[in-house]
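As structure tokens, the structure follows; a few thoughts come after it.
No lab work stands behind these numbers, since they all come straight from the coordinates. What you are looking at is a predicted structure, and each value in this text was computed from that prediction instead of being measured. Don't worry about glycine lacking a Cβ; one is built from the backbone with ideal geometry, like all the others, and counts go over all protein chains shown.
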Amino acid sequence: MMYIKMLLTTTAIATITLSSCVKDQTKDMSKKQDIETYSITEKNAEALYDYAYPLVLMKITQDMIFTAPFRDSTHPNEFLMIKKLATPDFKAVVLPNRNTLYCSGWMDLSKGPVVFEIPDMGDRYYVMPILDAWTNTFISIGSRTTGQKAQKYFLVNKEWSGKVPAGYKKIVSPTNMAWLTGRIEVNGEKDALVVNKLQDKYVLETYTEKQGGKDPFVDYKEDFKAIWVRKPVPYSLKMDDDDYYDTFFKQRSYNSPLAGDTRMLEIMKKAGITKSTKNFDQLSENVRAKLAKALEKKQSAYLKDFYAGKAQTTPWIFNTNAMSNWGSDYKNRAYWAMWGLGGNIPKDAVYGITQLDFDLKQLKGEDTYLMHLNKDQVPKVGGFWSISTYDNDGYLEENDANRYVVGSMTGPKFNSDGSLDVYLSHDKPKGVLASNWVPTPEDEFKILFRMYWPKPYILNGKYKLPKLIKVNKKSYAH
């Protein structure tokens, strides 16, 4: 009787176990079938690469700035005040400015508010735009918008609710990551020492610290270090597919999509990409294959654009419309992140950029170029204007003259009719005043024409950038 009872029990257990195995197998098969149903078209895979690029580049740039040679180590919600004019060893951002001192503040609002305080700026021009994680400028503080008096701001994310301290103005960031890319006007090395004293009066810290508490980010660990990255844009355009998308997924997990991203969210959903996706390997094989192919294609194209001007079909690239507020134009957003991450909105600054002469030929240091500005082409601005040269990676290249820019603050000599001749070459042409010459890198190079606080006629399309012509003469009468 006991034997029969044990047999029945054993049979029941076996039945339960078999049933459980069948259920597990069915569940696994169902899960596998679900994964296999995920898909993405080649076109959408390429669009997703562009969509992801800002989050990836912002993360790389942030961590690079947090590490040597800028500091041994730092973390979010601290100011990094660049107290010297940009030099050839400055690789934090592409196309660095020689007319301002930078105030860089990477913020993480996931653990509470951050306070930002500006001292009285007197009559000195400054601009303090703040970018979200997608590289859109969601607010611009500075001479043009908020004036010269001392100011205090209280930055929070969209989920925060609480009382703003007296004397502070609340700013809501669309994403937890935010980047304050401040610039303060400076006229040469001596003037930089004066600006340094102003920089010391700026404040950026968590509200917890302001109240005497412990910094919640003191143990922050970087995913990228300056010694690995060296130059953020070339690095980002050579990443493996798993590194690229793993970085995107991590950033996306705590940075909200924007209002216009509905279609892209649907594309990702059909590809099996959710906010909880952490690794590229989690995706189905066919989705990974499409994303890998798209990444290879986009990187190849963008590297050609960046180094050889393949996308440039006019003598200048001059954007006065959507800069730094891209909406769902993900391709242009990615493209301009490569060319000028942290750029200002057009009302604060516009940029003419080229790596080709007026005949659409590659600029080369072995040649001499003349940029002639008619009187009406000398920009009318509330801040300053400048013409700078960079190597083909987009960084300053050392030269014996220690000159990198000609502009409104450098004292060029104008012609009797109010026009201006600016020469660009690796070696100074004979007969040309040093004040009217910008040394160029020895090999291929790029030019950036900046206009800070441009007058309306520059923004409404009436302004035309000057011709840049190869002249290659042995000497010049100025």
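Fewest first, what order do ILE184, ILE130 take by the number of other Cβ atoms within 10 Å? Mind showing how you got there, number by number?
Working: ILE184 25, ILE130 22.
If I rank by nearby Cβ atoms, fewest first, I get ILE130, ILE184.
Per 0.36 nm of contour for each residue apart, how much would the distance between VAL218 and THR314 grow if the chain were fully extended, relative to their Cα-Cα spacing?
Working: separation 96, 0.36 × 96 = 34.56 nm, distance 4.82 nm.
Answer, rounded to one decimal: 29.7 nm.
Just how large is the dipole of the chain about the Cα centre, in debye to the nearest 20, putting +1 at every Lys and Arg Cβ and -1 at every Asp and Glu Cβ?
Numbers: 66 positive and 56 negative charges, 228 e Å.
Around 1100 debye, computed over the chain.
Based on the Cβ-Cβ distance from ASP120 to LYS84, what FRET efficiency comes out when R0 is 22 Å, to the nearest 0.05?
Values: r = 23 Å, r/R0 = 1.07.
E between ASP120 and LYS84, to the nearest 0.05, is 0.40.
So for the pair LYS111, GLN377, with labels modelled 7 Å out along Cα→Cβ, what separation do we get in nm?
5.3 nm
With unit charges on the beta carbon (Lys/Arg positive, Asp/Glu negative), name the residue among ALA166, ILE227, THR354 whose Cα is farthest towards the positive pole of the charge dipole of the chain.
Farthest along the dipole direction, towards plus: ALA166.
Which of the peptides 208-216, 76-84 is most tightly packed, and how do the rest follow, going by the mean number of other Cβ atoms within 10 Å of each residue?
Working: 208-216: 13.2, 76-84: 19.3.
By packing density, highest mean first, the sequence is 76-84, 208-216.
Compute the length gained on full extension between LYS225 and SER435: take 0.36 nm times their separation in residues and subtract their Cα-Cα distance, giving the result in nm to one decimal.
Numbers: separation 210, 0.36 × 210 = 75.60 nm, distance 3.85 nm.
Computed gain between LYS225 and SER435 is 71.7 nm.
Please determine, in degrees from 0 to 90 and to the nearest 10, the orientation of helix 2-37 with respect to the longest principal axis defined by the Cα atoms of the chain, where the helix direction is its Cα long axis.
The answer is roughly 20 degrees.
Taking the simple approach of a point 7 Å from Cα along Cα-to-Cβ for both ALA289 and GLU442, what is their distance in nm?
Inter-label distance under the simple model: 4.7 nm.
How big is the Rg/Rh ratio for the chain, C-alpha atoms only, Rh by Kirkwood, two decimals? Let's see the in-between values first.
Values: Rg = 27.0 Å, Rh = 24.8 Å.
On the Cα set of the chain, Rg over Rh gives 1.09.
With just the Cα atoms defining each centre, how far is region 287-301 from region 206-237? Give it in Å.
Region 287-301 and region 206-237 have Cα centres separated by 29 Å.
If you average the alpha carbon positions of region 246-260 and of region 378-409, how far apart do those two centres end up, in angstrom?
Region 246-260 and region 378-409 have Cα centres separated by 35 Å.
Averaging sequence separations of C-alpha pairs under 8 Å and six or more residues apart, then dividing by the length of region 317-470, give the relative contact order as a whole percent. Before the final figure, lay out the partial values.
On the way: 305 pairs, mean separation 54.6, N = 154.
Relative contact order here is 35 percent.
When SER388, SER328 are ordered from fewest to most other Cβ atoms inside 10 Å of their Cβ, what list results? Can you show the working numbers first?
Details: SER388 21, SER328 15.
By the 10 Å Cβ count, ascending: SER328, SER388.
Between SER253 and LYS169, how many nm apart are label points set 7 Å from Cα along the C-beta direction?
About 3.6 nm separates the two model spin labels.
In degrees, nearest 10, range 0 to 90: what is the angle between the Cα axis of helix 241-252 and the longest Cα principal axis of the chain?
90 degrees
With the Cα gyration tensor of region 317-470 in hand, give its eigenvalues times 5 under a square root as the equivalent ellipsoid semi-axes, listed largest first in whole angstrom. Mind dumping the intermediate values first?
Details: eigenvalues 126, 76, 35 Å².
Each semi-axis is the square root of five times an eigenvalue, giving 25, 19, 13 Å.
When the Kirkwood radius is taken over all Cα pairs of region 153-229, what Stokes-Einstein diffusion coefficient follows at 20 °C and 1.002 mPa s, in µm²/s? If you can, show how the numbers build up before the last one.
Values: Rh = 16.0 Å.
Once the numbers are plugged in, D ends up at 134 µm²/s.
Lys and Arg at +1, Asp and Glu at -1: add these up for the other residues within a Cβ distance under 13 Å of LEU180 and post the number. Mind showing how you got there, number by number?
Details: positive: ARG183; negative: GLU78, ASP108, GLU117, ASP132, GLU205.
Overall, the nearby charge balance is -4.
For the chain, what does the relative contact order come out to in percent, with C-alpha contacts under 8 Å and a separation of six or more?
Dividing the mean separation by the residue count of the chain yields 18 percent.
Would you work out the relative contact order for region 74-221, in percent, from Cα pairs under 8 angstrom that are 6 or more residues apart?
Values: 292 pairs, mean separation 49.8, N = 148.
RCO, region 74-221: 34 percent.
Treating region 74-221 as a set of equal point scatterers at the Cα positions, no solvent, please give the Debye-formula log₁₀ I(q)/I(0) at q = 0.09, 0.15 Å⁻¹.
Relative scattering, expressed as log10 I(q)/I(0), comes to -0.28, -0.78.
Per the helix-only calculation at 222 nm, which mean residue ellipticity applies to the chain, given -39500 (n - 2.57) for every DSSP H run of n ≥ 4 and division by its residues, nearest 500 deg cm²/dmol?
Values: 11 runs with 145 residues, N = 478.
Mean residue ellipticity, 222 nm, calculated: -9500 deg cm²/dmol.
Add +1 for every Lys or Arg and -1 for every Asp or Glu among the other residues with Cβ under 9 Å from the Cβ of VAL229, and state the total.
On the way: positive: LYS91, LYS225, ARG230, LYS231; negative: ASP63.
Within the 9 Å Cβ shell, the charges total +3.
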